[in-house]
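The values are calculated or read from the model by the stated rules, or taken from the named source; none is laboratory data. Please read these numbers as outputs of a predicted model, since none were measured by experiment. Here the Cβ positions follow ideal geometry from the backbone for every residue, glycine too, while neighbour counts run over all protein chains shown. The accessibility values were calculated without ligands, DNA or RNA, using every heavy atom of the protein model including side chains. Shrake-Rupley method; radii C 1.70, N 1.55, O 1.52, S 1.80 Å.
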Amino acid sequence: MNKIVFITGATSGFGRATAEKFAASGYDVIITGRRKQKLQEAQTHLSSRYSSKILALEFDVQNKQAVFSAIEHLPEEWKKIDVLINNAGLALGRDFFDEAALNDWETMVNTNLSGLLYVSKAVLPYMLKQKKGHIINIGSTAGKEVYEKGNVYCATKFAVNAISQAMRIDLLQHKIKVTSVNPGAAETEFSEVRFKGNLEQAAKVYEGFRPLYAEDVAEAIYYCASVPEHVCINDLTLTCLAQANSFYLHKGL
Ligand code: NDP
Ligand code: 8X3
């Protein structure tokens with residue numbers, strides 16, 4: 001086996017592009033997500049293109065039992081996970097606090113925070129056994145500055161930032177690196193999901209500037225995983241040229 005990377009949310013966007021980047025770089029890759037067909041397509045594509053082994057696991061990160069069962073039942077040779085990328089996540093709605101839907105909040109908290117915790121807790125024993133590993137959590141600029149109508153999505157990404165710091169401290173003694181990667185606006189399926197299939201509204205988000213693309217973020221994630229063993233990138237924030245942070249976006253660039 002080559003080095004192994006485990007990527008949640010690899011059926012689209014950052015996760016999908018990151019799977020491609022790691023497979024192209026000689027890693028064996030565990031791809032996960034809920035959409036079976038997308039997973040199969042990704043597995044077929046990556047296996048036909050690269051010599052890496054690709055394993056697809058279908059589960060919802062919100063489902064604690066499904067997460068632990070999938071990870072506990074990994075074939076022995078796949079348990080030697082070198083890098084875990086906690087990427088699965090979403091925003092649902094863009095509404096004032098008083099108008100937002102409770103269901104949307106619950107799904108964001110259960111996915112972006114609880115899901116990340118379940119997957120990390122399930123994978124960690126394998127890293128502890130190997131006395132090494134690297135956990136890369138995908139945060140956001142939304143976890144650096146809260147913006148109007150971002151409320152609970154921002155809160156989940158602030159939590160990802162806090163939990164990344166906490167993991168880094170607590171896992172220090174086990175030689176496990178923890179990195180948070182915080183992208184700004186990137187054109188993926190993110191806005192289609194946020195606006196619940198309203199493609200027009202989703203497209204408007206990226207109008208008038210050149211956003212990040214999934215491949216840009218995949219490059220940054222791969223960079224964090226490829227620095228020398230004694231180096232840990234704690235926190236990497238990246239935006240497109242047109243964006244300075246959650247508030248400042250200069251359309252026309
Ligand atoms: P996409 O919607 O393109 O991809 C999201 C991925 O997460 C999909 O593969 C989806 O797979 C998976 N996912 C969502 N919910 C679940 C779930 N409950 N269980 C398992 N998998 C799930 O969005 P991005 O690639 O843009 O987003 C990836 C991460 O990056 C998210 O955490 C997002 O918050 C963050 N982010 C995005 C930014 C952006 O502007 N695009 C900027 C900063 C951070 P499936 O539907 O098959 O389950
Ligand atoms: C996604 C970035 O600013 O669209 O995390 O919320 S933003």
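Working carefully through the options 107, 44, find the one that is among the β-branched types (Val, Ile, Thr), open to solvent by 20 Å² or more (accessible area, probe 1.4 Å), free of Cβ contacts under 8 Å to residues at least 24 places away in the same chain and at negative phi.
44
Looking only at the range 175-215, which residues are more than 9 Å from ligand 1 (Cβ to nearest atom), outside any loop (DSSP other than H, G, I, E, B) and open to solvent by 40 Å² or more (accessible area, probe 1.4 Å)?
Passing the criteria: 199, 200, 201, 203, 204, 213, 215.
Which one of 53, 38 is within 19 Å of the chain's Cα centre (by Cα), away from ligand 2 (no atom under 16 Å from the Cβ) and surrounded by fewer than 21 Cβ atoms within 10 Å (Cβ to Cβ)?
None of the other options fit; the residue is 38.
If I ask for residues that are hydroxyl-bearing (Ser, Thr, Tyr) and in contact with a Leu (Cβ under 9 Å, 6 or more places away or on another chain), which ones from the range 45-75 would you list?
Once the filter is applied, which keeps residues that are hydroxyl-bearing (Ser, Thr, Tyr) and in contact with a Leu (Cβ under 9 Å, 6 or more places away or on another chain), the range 45-75 yields only 52.
Here are the criteria: (1) within 14 Å of ligand 1 (Cβ to nearest atom); (2) of a type outside the set (S, T, N, Q); (3) open to solvent by 40 Å² or more (accessible area, probe 1.4 Å). Tell me which single one residue 98 does not satisfy.
Residue 98 satisfies every listed condition except (1).
Residues checked against (1) within 16 Å of the chain's Cα centre (by Cα); (2) open to solvent by 50 Å² or more (accessible area, probe 1.4 Å); (3) farther than 19 Å from residue 88 by Cβ:
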position	(1), (2), (3)
125	no, yes, yes
134	yes, no, no
139	yes, no, no
143	yes, no, no
147	no, no, yes
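List the number of the failed condition for residue 218; all other conditions in (1) open to solvent by 10 Å² or more (accessible area, probe 1.4 Å); (2) out of contact with any strand residue (DSSP E or B) (no Cβ under 8 Å at 6 or more places or on another chain) hold.
The failed condition is (1).
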